[in-house]
Each structure stands twice: as C-alpha cells, then as structure tokens.
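The values are calculated or read from the model by the stated rules, or taken from the named source; none is laboratory data. As the structure is a computational prediction, the values presented were derived from the model and not from experiment. Surface areas here come from the heavy atoms of the whole protein model, side chains and all, with no ligands, DNA or RNA. Shrake-Rupley method; radii C 1.70, N 1.55, O 1.52, S 1.80 Å.
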Amino acid sequence: MSEETEPQVMILGTYHMANPGLDLVKTSIRDTLGAERQAEIEAVVARLAEFAPTQICVEATVESASIGERYVAYRSGGIGLSANEIEQIGFRLAERLGHERLYPVDYQLDWDGQRLFTFAEAHGNDAWLTRANHLISTIGPMMEEWDRCYSVGEILAIHNSEAMIALSQSLYADAVEVTDGLEFPGVETTAAWFTRNLRIWANIRRCIDSDSDRVLVLYGAGHLKYLRDFVRETTGVLEVPASGFLPPAPAEALRNASVLRL
C-alpha cells in the first residue's frame, strides 16, 4: 500500500481551554470565550481545515451521548460553544467540513497520583520527589506565561513540540523510581497510563475504515507521546505531524521546556 492510499492520522495535542482543574498541574488562563482568543481559535481551525479530515476523534468516553447531542444542537443554532477545546476546535472544524458527527474515543482508568507522593515520602524516594515537585511547581507558571504572551496557535505548537512531549512524558517515565523493591507504585502508575493510551488508540483505530480516511485526533497533550508512537508503529497507517498545520512554536518557550527537562 502506497502512502498516497494509506489512511492518515494526525494527533493534535491540546491544552484544556475550559481549564477544569482536573490535571496534576494547575493553571489559571485567559478567558477562551473572549474576542481575541476566539479570533485565534478561528485561525487555528482554518489551518486544520487544510488537512481536510474525514473523521474527528475527541477526548470523550465512547459511551458518552452528550457530545453528539451538543454537536447536533450547535449545528442547528440551538446552543453556543462552551470553552472546552472539543467544542472550540472540534465542533467548529466538523461544522466547517460538513461532518454529521464526531467520534468519542476516550477510555478512563482510575489513577491515584497522590499515592506516588505518599509512597515516595514514606520510603525515601527523595530524588524523584524533589524532581517531581520541581516540575509540577514550574510547569504551571510556565504555561500561564505562554497564555499571557502567545496566541492559541502558538501555544498549541509548543504543546506539540518534541521538547514539550519529552518533558510531559518524563513525569511518567521517571515514576518507575518510586519503589522499595517490593512494591512498585511508580511502575503501576506508568503501566496504567500506557494501558489507557493503548485502549484509546484501539478506539481510534476502529474509526479508520477506508484507505482514503484522514483522521484528526484532538487530545490532551499529555497523551501525545504514546498516541503518536502507536500511529507510527501501526502497519498501513501514516502519521501526519500536527506541526505542519500550526504556526512555528516560539523559540524561547522551546528553550525553557528543554532546560526544565534537563
């Protein structure tokens, strides 16, 4: 099968525009529904429309009916868009391209991040604890600075950069250090994260039913590492990098992310 006829998949890592405060790293960001941000989001959607996806997958559980119901209501003019990135980017793009639906592909697993910190404190995993606390306390303010200084497109470009993907993944890769040799909460946490992402990829794969399909996946940027790897390692599927449809990532932000990773 040639690249011209292989189904294409683009994984676009996003930040949570509605800022629900559910992630380990907490931030305070500008109003997504403000006029400036709305214009920037329209510009991002115009860029993504050039990819012309035939399916758009989003971070909502497979059994969720609310996404479909809200999309139908939005298309009919019954509701406006919430601040959530699924609606701000996914709904806008799907409507622009005439899609009848979006495809929820999320799979949830219980995850107790606090267990890692409690165990590390109790078992002398001090090096990991110091590094993890430093990352968590630094990433939040760094993301808030991006929000003050850059457009939505530029912020997405940062999140989809190799520097940020490596930094995000390090939180999970380094967690294997949290062990006393008999219990392995760090390994279990990282394995659960891998398993969740593999199940998400299985749901995405089910959406691909034609060689001519072009699938856009909108997902929290923390999932980028594994989801992109799964695309690249799957026979007969071609990855399309999101960076080709975003503005350049600001160099200063990339430098800061790289330094923080080290």
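Here are a few things to note about the model shown:
- Choice from Glu42, Glu154, Glu252 showing the highest fluctuation, given a GNM over the chain with Cα pairs closer than 10 Å: Glu252
- Atom-type composition of the exposed protein surface of the chain places 53 percent of the accessible area on carbon and sulfur (1.4 angstrom probe).
- For region 147-190, the fraction of alpha-carbon pairs lying more than 16 Å apart is 54 percent, rounded to a whole number.
- Computed accessible area, His159, all protein chains, 1.4 angstrom probe, square angstrom: 10 Å²
- Solvent-accessible area per residue for region 77-121 (1.4 angstrom probe, square angstrom): 49 Å²
- Volume per residue of the convex hull around the Cα atoms, evaluated for region 110-262, comes out as 125 Å³.
- Dimensions (Å) - region 36-149, Cα atoms, principal axes, largest first: 57, 37, 26
- Gaussian network model of the chain, Cα within-10 Å springs - most flexible of His134, His16, His99: His134
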